[in-house]
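**Student:** Okay, handing you the structure first.
What follows draws every value from the coordinates through simple rules; no lab data is involved. Because the structure is a prediction, the values reported are computed rather than measured. Cβ atoms come from the backbone with ideal geometry, glycine included; neighbour counts cover every protein chain shown.
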C-alpha cells in the first residue's frame with residue numbers, strides 16, 4: 001500500500017492568481033527584508049499590489065516575460081518571473097533573467113523551490129535562451145546556497161540599489177548565472 005502524495009505542481013500564472021501572488025510577495029518581503037530595509041518601505045497596499053500583478057499577468061511588456069506559480073493543491077506557495085536579460089553586458093538574444101524567485105517562508109524546504117526553479121529553467125529553455133542570470137541580495141545566504149546547489153554561480157557582477165532614492169536605504173546585490181541549454 002502506498003502513502004498518499006502531496007498535490008503539488010507548477011504552472012504559468014493565470015490572471016486570477018494576481019491577489020495570491022501579491023499577498024505572497026508582500027509577506028515574503030516583510031519576512032526576508034525585515035531589518036534590512038525600513039518597515040515603512042515594506043508597507044504596500046495589498047489591493048495596489050494585486051492590481052499591478054493583474055496588469056503584469058494580462059499585459060506583459062514583452063511576450064517572453066513569464067510568471068510561473070508553485071502550487072500546493074490550489075494555493076500559491078511560490079512564484080518566479082522569467083524574462084529576457086536586461087543588463088547591458090548580457091546577450092539580449094541568448095540570455096534570460098530570473099527576475100524574481102519567491103517561496104512562501106512557511107513553505108520553504110518542502111520541495112516547492114526545486115520544482116519552481118526547474119519549471120523556470122524549462123520555460124527559459126523553451127523560449128530558446130541558453131543562459132540565465134539572476135540578482136540577489138548579497139546577504140541572502142539561503143537563496144544563494146539553494147541556487148548554487150542547483151548549478152548557479154557568481155559571475156563577479158555586483159550592484160548597489162538605492163531603494164528610496166535618497167541613498168539612505170541601499171541593498172547590495174550579486175549576480176549569479178547558469179547555462180540552461182546547450183547552444184546548437
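**Student:** Kindly provide the helix-only [θ] at 222 nm of the chain, computed as the sum of -39,500 (n - 2.57) over DSSP H runs of four or more divided by all residues, to the nearest 500 deg cm²/dmol?
**Tutor:** -9000 deg cm²/dmol
**Student:** With the cut-off at 1.5 for a/c, could you classify region 1-77 from its C-alpha gyration tensor as rounded, prolate or oblate?
**Tutor:** oblate
**Student:** Using only the Cα atoms of the chain, construct the convex hull and provide its projected area averaged over every direction, in square nanometres to one decimal.
**Tutor:** 12.3 nm²
**Student:** I've got another one for you. Which length gain, in nm to one decimal place, applies between residue 9 and residue 94 when the Cα-Cα distance is subtracted from 0.36 nm times their residue separation?
**Tutor:** Difference between extended and current length: 27.8 nm.
**Student:** Peptides 173-180, 144-151: what's the order by average Cβ count within 10 Å, highest mean first?
**Tutor:** The peptides rank, most packed first, as 173-180, 144-151.
**Student:** In whole angstrom, note down how far apart the Cα centers of region 95-139 and region 50-81 are.
**Tutor:** 13 Å
**Student:** Connecting C-alpha atoms closer than 10 Å in a GNM of the chain, tell me which of 153, 20, 34 has the biggest fluctuation.
**Tutor:** So, out of 153, 20, 34, the one fluctuating most is 34.
**Student:** Looking at the calculated P(r) for region 82-184, what percent of the C-alpha pair distances fall above 21 Å?
**Tutor:** When every Cα pair of region 82-184 is considered, 37 percent fall beyond 21 Å.
**Student:** Something else now. With springs only between Cα atoms under 10 Å, which of 60, 88, 46 fluctuates most in a Gaussian network model of the chain?
**Tutor:** The residue that fluctuates most here is 88.
**Student:** Give me the number: length gained by fully extending residue 106 to residue 23, i.e. 0.36 nm times residue separation minus the C-alpha to C-alpha distance, one decimal in nm.
**Tutor:** Stretched fully, the residue 106-residue 23 segment lengthens by 28.5 nm.
**Student:** Express as a percent, rounded to the nearest 5, the fraction of DSSP beta bridges in region 8-179 (both residues included) that run antiparallel.
**Tutor:** 90 percent
**Student:** Could you identify which residue out of 171, 37, 48 has the top mean-square fluctuation in a GNM of the chain using Cα springs shorter than 10 Å?
**Tutor:** 48
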